[in-house]
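Notes follow once the structure below has been shown.
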Amino acid sequence: MKTIKQPPGRWTTITLCSLLATGCGYQQYQAHPIAAAQGHVSLRAHDTGDSGFLAYLQAEGHHNLPGEWGWQELMLCTLYFHPDLDVARTQLSRAMASITTAAQRPNPGISMGAGRRNEPEVPEVYSLSFNIPIETAGKRQARIDMATNLSESARLNIAQTTWNLRYRLLSSWIEFNAAHQNLVLLQQEAKLREEIVTMLTLRLQAGMISSVELSNAKLQWQKTEQAVVEEQGRMDELKTQLASNAGLPLNKFDQLQLRLDTVDQLLGMRHDTAMINTLNPATQDAALLNRVDIRAGLASYAASEARVRLEIARQYPDISLAPAYNYEEGFHIWSLGINSLLHILHRNQGQIAEAIALRETEAAQFEALQARVIAAMDSSRSRYRSALQALEQARHVYEAQQNQTEQAKLRFEHGFADRLELFTYQLENLLAKQRLISAEYQIQRAAAALEDSMQLPMENLKSMPADAEHPTPKPRQEITS
């Protein structure tokens, strides 16, 4: 300890200036209220003619608005307008801010005091002390690592949200197309059945058939008419769902000209049956590690690993340097103290046990996620293979029915068959076409489910390494304190 006898005015001035300097540069609170009607107004403002959306299209290489909108064009609307992506982005911003918080060093403290004594010669008494905390054992780096891995998980959540939106949009697009084609074929079927009922009515009046045959035909006609009405209602529901997945209000979505598949396009599609053979174990492993949720699971596990390190580091106490200055009885007194917390009652055992348990939970959840993904991939692959077989069978039945219908048409033209027989064959041909179109959309659903299980478009399968070796990650390590 060193004592110096001199006036205290200079040190008091310096101290006050330091305190005033610490108050500069503070952020000010700005209110940002939100109302329930605000989200409604924001959704209604989504428009493909918006200048921001047009600029986004140009940035993506589209110089003009599409004349016709398929699901890939609607995906651009989803990426720009859908609020789920806004939520994921704000979550990433919060995670990035947590890195800044984790990297912050503890603020120093200051304590000041002043008083008077009853001594007339030196009545003033001043004191000034500082508290300078120092973290030990790498706690700050462990916090940064934990926050960084959590931010990586939040970043991957944006990709996961994007993929989920893609799958939802594609699925709703397939369902909307399927309902549209089914409605067209049902309307054709209803018209044919009406013609058949008309012809059977004339035959009943002529005494050529019984009333039972006519009643059965009328019943089938009524069922088809009812199916048309139900499918029309389902079309409205699917359109609303498609607009929602595109991030557009229904009134704006109705203004778009959709590029729906025609029956001829569907009948002309040929699926690559060899594609299913490319799904070998190596490709499956590569697709498995390509999934965003797998990578997010690894990031979450790394964050729990960093938390274990942090809790273990907290066994070792931090220290605080406490330099102080006192002016008393005309003497300047300088001192230096060191403060620390003594871990006498416990050494952070409870927090360490919680962190280790959390790490084990993350590891178990990761392995469970892998098991679910592998099961989903196997199930989707089997479903796709079955859909391919069903499609081939439906195509053979349709081609055979087409031949029979053509033969019936030739017989009718040469007078060897009546109109009722021709219309009956045309009806059976239409029913075979319905089954074929249904099988076509079933394989599209199976393909979309297979893509979702791998989080990889089907066209990218051929570029996957056929002989790559991808070991299954097992994020388990033993931590000893």
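Positive end of the dipole of the chain (Cβ unit charges, origin at the Cα centre): among 460, 229, 334, the Cα lying farthest that way belongs to 334. Close amide H pairs (under 5 Å, H built 1.01 Å from N) link residue 332 with 4, 5, 6, residues at least 5 positions away or on another chain.
With θ taken as phi - 60° and the Karplus curve 6.51 cos²θ - 1.76 cosθ + 1.60 applied, the whole-hertz 3J(HN,Hα) list for the stretch 124-140 is 6, 10, 10, 9, 8, 9, 10, 10, 10, x, 10, 7, 10, 6, x, 5, 4 Hz, x standing for glycine and proline. On a 0 to 90° scale, report how tilted helix 9-22 is relative to the longest principal axis of the chain, with both axes built from alpha carbons and the result rounded to the nearest 10. That works out to roughly 0 degrees.
Calculate the dipole size of the chain relative to its Cα centre from +1 charges on Lys and Arg beta carbons and -1 charges on Asp and Glu beta carbons; express the result in debye to the nearest 20. Don't jump to the answer; show the numbers that get you there.
Working: 46 positive and 53 negative charges, 258 e Å.
My answer is approximately 1240 debye.
Would you work out what percent of the accessible area of the stretch 265-396, with all protein chains in place, is carbon or sulfur (probe 1.4 Å)? Here it works out to 57 percent.
How much length, in nm to one decimal, is gained on full extension between residue 418 and residue 55, taken as 0.36 nm per residue of separation minus their Cα-Cα distance?
My answer for the length gained is 124.4 nm.
Quick one: net charge around residue 163, please, counting Lys, Arg +1 and Asp, Glu -1 for every other residue with C-beta under 10 Å from its C-beta.
Within the 10 Å Cβ shell, the charges total 0.
Charge tally around residue 65: other residues with Cβ under 14 Å, Lys/Arg +1 each, Asp/Glu -1 each, net -3. Helix 211-246 and the long axis of the chain differ in direction by around 30°, with both axes built from C-alpha atoms. Whole-Hz Karplus values for the stretch 338-355 come out as 10, 10, 7, 8, 8, 7, 8, 6, 7, 10, 6, 4, x, 5, 5, 4, 5, 5 Hz, taken residue by residue from phi with 6.51 cos²θ - 1.76 cosθ + 1.60 and θ = phi - 60°; glycine and proline positions read x.
Think of the chain as a dipole: +1 on every Lys or Arg Cβ, -1 on every Asp or Glu Cβ, centred on the Cα centre; then among 192, 247, 322, 322 lies furthest on the positive end. To the nearest 0.05, how large is the calculated FRET efficiency for residue 406 and residue 376 if R₀ is 41 Å and r is the Cβ-Cβ distance? The value I calculate is 0.40. Distance between the pseudo-spin-label points of residue 187 and residue 97 (7 Å out from Cα toward the beta carbon): 5.3 nm. Ignoring aspartates and glutamates fewer than eight residues from residue 223 along the same chain, the ones with Cα atoms less than 14 angstrom from its Cα are 189, 194, 231. Rounded to two decimals, the Cα-based Rg/Rh of the chain, with Kirkwood Rh, is 1.23. About the centre of its Cα atoms, the stretch 304-367 shows a dipole size close to 120 debye [charges on the beta carbon of Lys, Arg (+1) and Asp, Glu (-1) only; nearest 20 debye].
Solvent exposure of the stretch 338-471, expressed per residue, is 56 Å² of accessible area, with all protein chains present and a 1.4 angstrom probe.
The protection proxy used here, the mean number of other Cβ atoms lying within 10 Å of each residue, ranks peptides 396-405, 351-360, 411-420 as follows, highest first: 351-360, 396-405, 411-420.
Model label points for residue 47 and residue 194, set 7 angstrom from Cα along the Cα-to-Cβ axis, are 4.0 nm apart. Annotation for residue 117 and residue 89: the two label points, set 7 Å from Cα along the Cα-Cβ direction, are 6.6 nm apart. Shown in residue order for the stretch 258-266 are the 3J(HN,Hα) couplings computed by the Karplus curve 6.51 cos²θ - 1.76 cosθ + 1.60 at θ = phi - 60°: 7, 9, 8, 6, 8, 5, 5, 5, 5 Hz (x for Gly and Pro).
The value obtained for the stretch 194-322, namely the Cα convex hull volume divided by the number of residues, is 342 Å³ per residue. In the stretch 377-408, whose amide N lies under 14 Å from the spot 7 Å out along Cα-to-Cβ of residue 458? List them in ranges. Within reach of a label on residue 458, which here means backbone N under 14 Å from a point 7 Å along Cα→Cβ, the stretch 377-408 contributes 380-392. With K and R counted +1 and D and E -1, the other residues having a Cβ less than 12 Å from that of residue 132 yield a net charge of -1. Projecting the Cα atoms of 297, 132, 380 onto the charge dipole of the chain, computed from C-beta unit charges around the Cα centre, puts 132 farthest toward the positive end. Multiplying each eigenvalue of the alpha-carbon gyration tensor of the stretch 67-170 by 5 and taking the square root yields semi-axes of 58, 17, 6 Å, largest first, rounded to whole angstroms.
The values are calculated or read from the model by the stated rules, or taken from the named source; none is laboratory data. This structure is a prediction, so every number in the text was calculated from the model and none was measured. No Cβ is skipped: glycine too gets one built from the backbone with ideal geometry, and neighbour counts run over all protein chains shown. Only protein heavy atoms, including side chains, enter the accessible area calculation; ligands, DNA and RNA are left aside. Shrake-Rupley method; radii C 1.70, N 1.55, O 1.52, S 1.80 Å.
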